[in-house]
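The values are calculated or read from the model by the stated rules, or taken from the named source; none is laboratory data. Quick caveat: nothing in here was measured; it's all calculated off a predicted structure. Note that each Cβ is placed from the backbone with ideal geometry, even for glycine, and that neighbours are counted across all protein chains shown.
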Amino acid sequence: MVLSQIWISTIIYSALLSILCMSFTLTYITVKIPNFAHSVYVGIGIYVSYTFAKIMHYSPYLGFPVSFLVGGVISVIVFQFVVQPIVRMGGGRVTLTVSTIAVQIFLIAFLDIYTYWLRVKYKQYTALFMLKGEDFKFGGYPGILIVSFVFSVTVIIFLYRLLTKTKLGIAMMATAENKELASILGINVNRVQMVAWFLTGGLACISGAMLPFWFVSTTGLGGTMMTSIMAGSLLGGLNNVYGAIIGGFGIGITEIIGTRFLQDVLGVWVGEYRSIIPMLILVAILLIEPRGLQPIYDKIKNIYEIWGKNK
Amino acid sequence: MSLTGKNLTVLLVIAGLVIGLGVGYSIAPTKTETETIYETITETDTIYETITETVTVNVAPLDGTTVNLAVITGVSSEMEILKPMWEDIILPDINEYADLLGYDVKFEFLLDDAMGQPAVFLEKVQAFKSLGVNHILGCYYSSHILGARSYINENDMIAISAGSTSPLAAFPDDNIFRLVPTDFAYGNIMPDILSAYGIEAVAVMQGAEAFGDGLWNVMETALPLNNIEILERIRFASGIKEFSTYLDLLNTVIGDAIEKYGAEHVAIIQCCLQSDGLVFHSQVAGFENLEKIIWFSTHGGRNQRMIDSVGEAIVTRRDFGMQMTPAQTWKFQEFEERFYESVKLYPGIDQTNEYDGGILASTAILETQSIDALPSVRIFPTLAANYFGVSGWTELDMNGDRKPGTYTIWGYAMIDGEPGFTAWGNYNAVDRTLQWNSDVFVEQGMTPPG
């Protein structure tokens with residue numbers, strides 16, 4: 001095996017985190033608020049995989065399209081019935097942010113009801129489960145390593161093409177820039193935002209659907225990752241959906257490889273404080289450069305443009 | 001005569017005396033005179049009369065009532081086990097017993113969740129008190145017990161814990177009873193077993209909470225006394241989902257120890273909740289050195305989720321765990337069957353203690369015929385001392401904590417070609433003797449220790 005076990009864990013964790021960061025950033029770009037209900041989509045994805053594997057006895061990989069659809073639909077419902085009404089009533093960012101917390105509480109309760117119903121109906125445990133046994137192996141590596149990494153790269157390529165090469169994507173970016181102006185230009189702002197939210201929920205759900213292949217899963221697993229998701233999004237730049245992949249991998253690698261390095265240098269006790277690392281990065285970014293890596297992208301873009309002109 | 005100061009004073013005194021005499025005479029109690037009269041009566045009359053009077057005596061004050069028992073879980077994931085266990089096993093048994101006694105009493109349980117927070121646990125206790133419920137069961141975490149202890153004592157409630165083990169919560173003469181021995185017991189027993197198995201070096205992984213710290217505090221001394229070297233102590237934040245940093249570090253440490261002592265003499269002890277142990281084992285695959293050694297665990301050896309999630313790999317690691325469950329008794333075996341049918345998982349020590357706690361609490365209520373906690377508090381130690389439950393004898397010490405008894409050593413094994421678990425031995429904490437099941441070792445292709 002070329003990759004050591006710790007690097008396998010790091011890549012899987014980072015890939016899944018980067019997908020979550022991308023979808024989180026996409027929500028932020030659309031409505032300019034952090035969506036705290038994001039973690040629940042992860043839980044929904046987890047239990048779509050559970051349903052496929054443990055109840056229907058199919059491969060959980062077959063459940064990925066279903067996860068995407070379910071997550072997308074729920075996200076659109078939240079947008080239509082929570083976000084839009086609040087925006088229409090003149091609710092500001094604070095109100096919208098708090099409303100996402102309420103949505104999170106509401107959705108997690110529904111998820112708990114669903115898992116309890118599964119428990120009673122099928123007499124199977126629904127908490128603390130894994131689907132590692134349902135995974136395939138490729139060249140001695142777990143299938144989820146390849147799937148998660150390839151998927152995260154595919155998503156970024158897809159989003160790049162969508163947002164820069166298609167009418168819909170350009171409309172989405174225009175709406176995110178200036179909703180009123182976009183509307184004047186004839187863009188159906190409501191439909192465009194709905195598509196963005198659909199993508200957000202769908203991507204978060206798929207990421208959740210992959211988690212049980214590597215992590216012991218419960219309804220609250222997404223919540224435990226929320227700080228890392230926000231840190232990754234901030235690091236990548238909250239207005240830059242492509243930066244989220246760098247942010248996600250950055251946080252994931254720092255959390256695991258960085259902690260391991262510090263354990264060698266400072267002692268094993270450092271591991272206990274691993275969960276503080278994303279918080280420290282969050283604080284550092286907010287204090288030093290709230291736009292995250294955006295200034296670096298801008299510099300690289302400028303250099304590229306200058307080089308292109310000189311050519 | 002002029003009314004000078006002196007003259008006036010004298011006049012006033014005389015006037016006062018006269019007035020006072022008059023007043024005193026008029027309010028003085030009248031004298032009573034008593035006269036003793038003797039009279040002899042010689043006339044006799046015999047009167048026969050039958051008096052019938054109906055007297056109502058309340059022999060069973062609880063008749064016709066519904067008695068509520070409160071059950072508070074430590075974390076939400078426990079609810080999916082506790083709810084069916086109470087509904088399908090504990091409550092029917094309690095109500096059946098009440099019927100047998102002829103009491104018209106119905107027991108119900110009210111389930112709630114402390115969500116892992118001592119403050120939330122206290123809130124739940126207060127809420128139950130406001131509902132008139134004084135008997136609290138569950139109470140798995142020592143931190144929860146400690147946070148609510150004053151309230152429970154001051155408000156005449158009783159708490160029966162199925163899982164708290166911290167010595168910090170060991171107080172005599174309070175209203176809290178714990179059906180698990182404290183960490184002092186386990187922390188000394190585990191090194192005994194390791195030593196008997198032939199282990200010479202261990203790495204200790206413990207959760208960063210009262211349970212893990214409590215065990216470490218005891219084992220830190222007990223392990224060297226058993227000539228076992230402590231290679232590394234890892235204290236991890238409980239509830240995290242990704243352990244590769246620890247596993248990578250351990251892989252290096254264990255690798256060095258294997259070179260020095262040999263794989264059969266090196267082990268890892270996990271002092272953590274079953275859920276954390278599950279996460280660890282699910283991520284061990286690929287760390288070569290960790291796959292070569294035996295693992296021991298406080299909650300190990302019989303976890304269906306472990307078998308489902310980790311598969312055959314857990315059989316190699318064995319994950320020996322000690323539980324004070326007398327595996328050979330019909331009572332335990334019957335409970336295990338019923339539990340599996342209801343929950344589709346195998347019961348651990350928390351569940352067997354929960355069952356015994358429920359039976360004891362309801363028996364206390366039935367015998368005292370009171371839903372108040374204080375009569376139950378008075379009677380509980382005696383009841384517990386005379387009760388043999390699914391977890392064995394439930395005798396308590398002076399602090400109201402379980403006395404250590406017989407432990408079964410569970411571990412994973414191939415059973416009929418499939419990963420399963422079996423009892424590998426028994427440890428008697430009273431005389432500190434250990435008996436390995438040699439047959440099991442031979443069946444698994446291993447040499448029995450010693």
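Here is how the numbers come out for the structure above:
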| item | result |
| --- | --- |
| Residues that are more than 7 Å from every other protein chain (Cβ to nearest Cβ) and either among the small types (G, A, S) or touching a residue at least 60 places away in the same chain (Cβ under 8 Å) (or both), drawn from region B:217-238 | B:A222, B:S238 |
| Filter result (over 27 Å from A:R119 (Cβ atoms) and more than 15 Å from the chain's Cα centre (by Cα)) within region B:328-368 | B:Q328, B:T329, B:W330, B:T363, B:A364, B:I365, B:L366, B:E367, B:T368 |
| Residues (aromatic (F, W, Y), touching a Ser or Thr at 6+ places or on another chain (Cβ under 8 Å) and buried (at least 20 other Cβ atoms within 10 Å of the Cβ)) located in region B:96-114 | B:F107 |
| Only one of B:G300, B:G311, B:G286 that is surrounded by fewer than 18 Cβ atoms within 10 Å (Cβ to Cβ) and not aromatic (F, W, Y) | B:G311 |
| Residue that is nearest to A:M172 (Cα to Cα), among those in region A:239-273 that are among the hydroxyl-bearing types (S, T, Y) and modelled with pLDDT of 85 or more | A:T254 |
| Options B:G286, B:G348, B:G300: the member that is in contact with a helix residue (DSSP H, G or I) (Cβ under 7 Å, 6 or more places away or on another chain), more than 14 Å from chain A (Cβ to nearest Cβ) and within 25 Å of B:S238 (Cα to Cα) | B:G300 |
| Condition check for B:Y151: surrounded by fewer than 24 Cβ atoms within 10 Å (Cβ to Cβ) and modelled with pLDDT of 95 or more | yes |
| Residues that are closer than 27 Å to A:A53 by Cα and more than 9 Å from chain B (Cβ to nearest Cβ), drawn from region A:212-228 | A:P212, A:F213, A:G222, A:G223, A:M226 |
| Candidates A:T100, A:T115, filtered to the one that is closer than 24 Å to B:L273 by Cβ, surrounded by 12 or more Cβ atoms within 10 Å (Cβ to Cβ), among the polar types (S, T, N, Q) and in contact (Cβ under 8 Å) with a residue 24 or more places away in the chain | A:T115 |
| Extreme residue, farthest from B:M85 (Cα to Cα), among residues of region B:354-407 that are without any contact (Cβ under 8 Å) to a residue 40 or more places away in the chain and among the acidic types (D, E) | B:D397 |
| Top-ranked residue in region B:408-450 [being in contact (Cβ under 8 Å) with a residue 40 or more places away in the chain and not in a strand (DSSP E or B); ranked as surrounded by the fewest Cβ atoms within 10 Å (Cβ to Cβ)] | B:G450 |
| Which listed residue is aliphatic (A, V, I, L, M) and modelled with pLDDT of 90 or more, from A:I229, A:I303, A:I296, A:I276 | A:I229 |
| Matching entry among B:A257, B:A327, B:A263 (being more than 23 Å from B:Y407 (Cβ to Cβ) and out of contact with any Lys or Arg (no Cβ under 9 Å at 6 or more places or on another chain)) | B:A257 |
